[in-house]
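Chemist: Right, I'll just put the structure down here and ask away after.
The values are calculated or read from the model by the stated rules, or taken from the named source; none is laboratory data. Bear in mind the structure is a predicted one, so any value in this text is a computation, not a measurement. We place every Cβ from the backbone using ideal geometry, glycine too, and count neighbours over all the protein chains shown. Surface areas here come from the heavy atoms of the whole protein model, side chains and all, with no ligands, DNA or RNA. Shrake-Rupley method; radii C 1.70, N 1.55, O 1.52, S 1.80 Å.
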Amino acid sequence: MNQSTELSGESLHSAPLIDIQELSLSYALADGQLDVLRGVDLSLAQGETVAILGPSGSGKTTLLLLLAGLEEANGGKILFEDTDLDNLDAEALADLRRDRLGIVFQSFHLVPSLTALGNVMLPLEIAGQDNPRESALAMLDRVGLGERTMHYPSQLSGGEQQRVAIARALVHRPSLLLADEPTGNLDANTGERVIELLFGLNHEAGSTMIMVTHDEAVAARCGRLLRLQEGQLVEDVV
């Protein structure tokens, strides 16, 4: 990253939650090579909110997949609380996602055969946490779906499905929340309500949030705004 990334004074006194160093990713093409990320550097402290903007196909979602350990880079490293993701095997990466990450997708990605309650309970059950039903019910109540707990995704509106997805992502209070165009499939009014909910619950959880978005107004609500341009991150300075 050509422009240095500045952290707040408070952040400088603690180790970063996420430290990305010289991250590169490219794909071989029939007529050459496509460079998606070129030497990306980024350091994030616990509790920060960051928006990443950029044109479609610029690599924003790919960067989130790398942070989640769902894709491998060609070069550089990602340190999560000083742990190099490259040093973790598939099982350890799955444990990291289960215990420390929450992900909100544009297309919700709910399990269609599970009710709203079942979807929110799922990460808690996989983690073997006590009282998963009680915790899931409380979170669904927080997102305004206390009376829709036994409805399946097909019986819910798009906004309701995204609220279930947010509840599922934050029910275990993750250290890092990744949100990929969380309002991309919603109308403007529903999207605004979902964004209010997402920011409010994330603040309560104290999670670091990285949000990919095309919406400049939504991005402006984050503490930092980064643009992915020609494979590199450039930070807007307010």
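Chemist: Take segment 168-179 and flag every residue that is closer than 16 Å to Met211 by Cα and surrounded by 22 or more Cβ atoms within 10 Å (Cβ to Cβ).
Modeler: Ala169, Leu170, Pro174, Leu176, Leu177, Leu178, Ala179
Chemist: If His214 passes every condition in (1) farther than 24 Å from Asp82 by Cα; (2) open to solvent by 40 Å² or more (accessible area, probe 1.4 Å); (3) without any contact (Cβ under 8 Å) to a residue 60 or more places away in the chain but one, which one does it miss?
Modeler: That leaves (3) as the condition not met.
Chemist: Taking Gln46 as the residue in question, decide whether it is surrounded by 14 or more Cβ atoms within 10 Å (Cβ to Cβ), in a loop (DSSP other than H, G, I, E, B), at pLDDT 90 or above and among the polar types (S, T, N, Q).
Modeler: So Gln46 fits the description; yes.
Chemist: To continue, here is another question. Within segment 144-167, is there a residue that is surrounded by fewer than 23 Cβ atoms within 10 Å (Cβ to Cβ), among the hydroxyl-bearing types (Ser, Thr, Tyr) and in a helix (DSSP H, G or I)?
Modeler: Among the residues of segment 144-167, at least one is surrounded by fewer than 23 Cβ atoms within 10 Å (Cβ to Cβ), among the hydroxyl-bearing types (Ser, Thr, Tyr) and in a helix (DSSP H, G or I), which makes the answer yes.
Chemist: Okay, next question. What is the one condition in (1) under 25 Å from Asn189 (Cα atoms); (2) aliphatic (A, V, I, L, M); (3) under 15 Å from the mean Cα position of the chain (by Cα) that Met139 does not satisfy?
Modeler: In the conditions (1) under 25 Å from Asn189 (Cα atoms); (2) aliphatic (A, V, I, L, M); (3) under 15 Å from the mean Cα position of the chain (by Cα), Met139 misses (3) alone.
Chemist: Shifting gears a bit: So if I check each of Gly76, Gly69, which one is out of contact with any His (no Cβ under 6 Å at 6 or more places or on another chain) and assigned to a loop (DSSP other than H, G, I, E, B)?
Modeler: After applying the criteria, what remains is Gly69.
Chemist: Picking from Ala51, Ala28, which residue would you name as being within 24 Å of Gly184 (Cα to Cα) and in a strand (DSSP E or B)?
Modeler: It is Ala51.
Chemist: Going by what's in this entry, would Gly184 be described as open to solvent by 30 Å² or more (accessible area, probe 1.4 Å) and in contact (Cβ under 8 Å) with a residue 12 or more places away in the chain?
Modeler: Answer is yes for this residue.
Chemist: Out of Glu134, Glu204, which single residue is in contact with a helix residue (DSSP H, G or I) (Cβ under 9 Å, 6 or more places away or on another chain), acidic (Asp, Glu) and either free of Cβ contacts under 8 Å to residues at least 40 places away in the same chain or outside any helix (DSSP H, G or I) (or both)? Outline the logic, then answer.
Modeler: Numbers: Glu134 fails: in contact with a helix residue (DSSP H, G or I) (Cβ under 9 Å, 6 or more places away or on another chain).
When all the criteria are applied, what remains is Glu204.
Chemist: Could you look through segment 27-38, keep only residues that are open to solvent by 10 Å² or more (accessible area, probe 1.4 Å) and touching a Gly at 6+ places or on another chain (Cβ under 9 Å), and pick out the one that is nearest to Glu71 (Cα to Cα)?
Modeler: Here the answer is Val36.
Chemist: Select from segment 152-189 the residues that are at positive phi and under 10 Å from the mean Cα position of the chain (by Cα) and list them in ascending order. Explain how you work it out, then say what you get.
Modeler: Start the filter on segment 152-189 by keeping residues that are at positive phi, which leaves 173, 181.
Passing the criteria: only Glu181.
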